[in-house]
Amino acid sequence: MRPRDCAPRPAHLKWLLDSDPSIRWQVMRDLTDEAPNAIAEERSRVATVGWGAKLLARQSRAGNWGEPNEDRGLLVTLYSLVALMDLGLDPASKQARKMIDCVDRRLVFKPLDNRPFLHGETEPCVNGRILALGTYFNKPNRALANQLLREQLEDGGWNCEAVEPSPKRPKSRRSSFHTTICVLEGLLAYEREGRKSAAVTNARKRGENYLLERRMFRSLRTGEVIDERWLRFSFPTFWHYDVLRGLDYLRNAGVKPDRRVREAIETVIKRRHQNGRWPLNLLHREQIPLEMETAVGSASRWNTLRALRVLRWYNDSTW
C-alpha cells in the first residue's frame, strides 16, 4: 500500500467517489489505496444501494432477466450477470447467494437439451463469460475450462466462428479480438480461484500474446487499425472488444507492460478531456434492464475509473 498524505484529492477523484457504491469501492481499492475494511464495507453496499440493488431486483422468479423467451437463449441474463460481476457484487453476500442459486436451479439452454446455464453453451465468447461468472458466483467449471482450451486456435486466440461458423462464412482459422478477450477473462477468473494448471496458464499467455503482438488493435499482417471502434470506449462492453477493455484485462492479470502497449496507452490518454475525465464514446445495441451511463459524449465514471487504473498500472511499471 502506498503511503497516504494530506494533499487534497484531485477533482476527478472526488467526482468518482461521489457516485454509486460500485464505482466508489473500486476507486478506493485501485486508486486511493484505502484500508481493506473500508473497501469491504463500501463494497457490501452494492447489494443494497444503487445500480447493483436495482439490477438484482429485476431478476424474475424464473431466475432470468429480460423477456421470458429471450433471443438466442438467455443473452440478456448473461449480460446482466456480467454487469453484477463488474459492479463487484460480493459473491458471499446473501443477495448474491440467493440470486445465483436461482440461476443454478432454474435456467437451462433449451436448444441444447436443457443444459444448465452455468455449464455453458457452444460459442467460446459466451462460454468465456459463463466460466468467469460460474467461478465468481458459484464454483469453477473444469469441463468448461477444458472445452475452451481445446478450442484455442494456432495463432493463440479464439473465434466463435471456428466452432460455430455462420451459413455465410466458412469455419475460421483466425482468431477474433472479441472472442479472445471474453475467453481470457474467463480463464483468469478460473485461475484466480485456485484452479491453476500449466495448460490453463500457457493458454492464457498465448492469448495475451495474441493481443500484444497486434499492439492491442492492429493487423499483424498489414499494421493497419483493425476496427476504429476499438479506439472508442463503452460500458457495459457486452461481447465487444476495445483498447481500454484489453488494457484493463492486462492490468488485472498482472502482465508487465512493454513497448507493445505504448500506442494503446497513448490512445487512452488522447481520449481524456481537459477536466481529467473520460467520456462515454459509444453505446452498443445490446441491453440490460438497468440504465447507468447513457449520454454519449458526456463524462463517464466507468471509463474514467478504468482509464485511470490502466494508466496507474502502466506508469508504475519499471520496464
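Filtering the range 243-265 to residues that are out of contact with any helix residue (DSSP H, G or I) (no Cβ under 7 Å at 6 or more places or on another chain) and within 16 Å of ARG229 (Cα to Cα) leaves only GLU263.
Might you check whether a residue that is more than 19 Å from the chain's Cα centre (by Cα), of a type outside the set (Phe, Trp, Tyr) and open to solvent by 50 Å² or more (accessible area, probe 1.4 Å) occurs anywhere in the range 127-142? Within the range 127-142, one or more residues are more than 19 Å from the chain's Cα centre (by Cα), of a type outside the set (Phe, Trp, Tyr) and open to solvent by 50 Å² or more (accessible area, probe 1.4 Å). Assess whether LEU112 counts as being over 20 Å from the mean Cα position of the chain (by Cα) and more than 22 Å from TYR190 (Cα to Cα). Yes. Among residues of the range 298-317 being open to solvent by less than 50 Å² (accessible area, probe 1.4 Å) and small (Gly, Ala, Ser), the one that is nearest to GLU266 (Cα to Cα) is ALA307. Residues considered: THR48, THR32, THR77. Of these, the only one that is within 21 Å of GLU185 (Cβ to Cβ), among the β-branched types (Val, Ile, Thr) and either open to solvent by less than 90 Å² (accessible area, probe 1.4 Å) or at pLDDT 95 or above (or both) is THR77. Within the range 158-166, one or more residues are at pLDDT 95 or above and in contact with a Lys or Arg (Cβ under 8 Å, 6 or more places away or on another chain).
The values are calculated or read from the model by the stated rules, or taken from the named source; none is laboratory data. Small disclaimer: the values here were computed from a predicted structure and weren't measured. Every residue, glycine as well, gets a Cβ built from its backbone with ideal geometry; the counts of neighbours run over all protein chains shown. All accessible areas refer to the heavy atoms of the entire protein, side chains included, with ligands and DNA or RNA removed. Shrake-Rupley method; radii C 1.70, N 1.55, O 1.52, S 1.80 Å.
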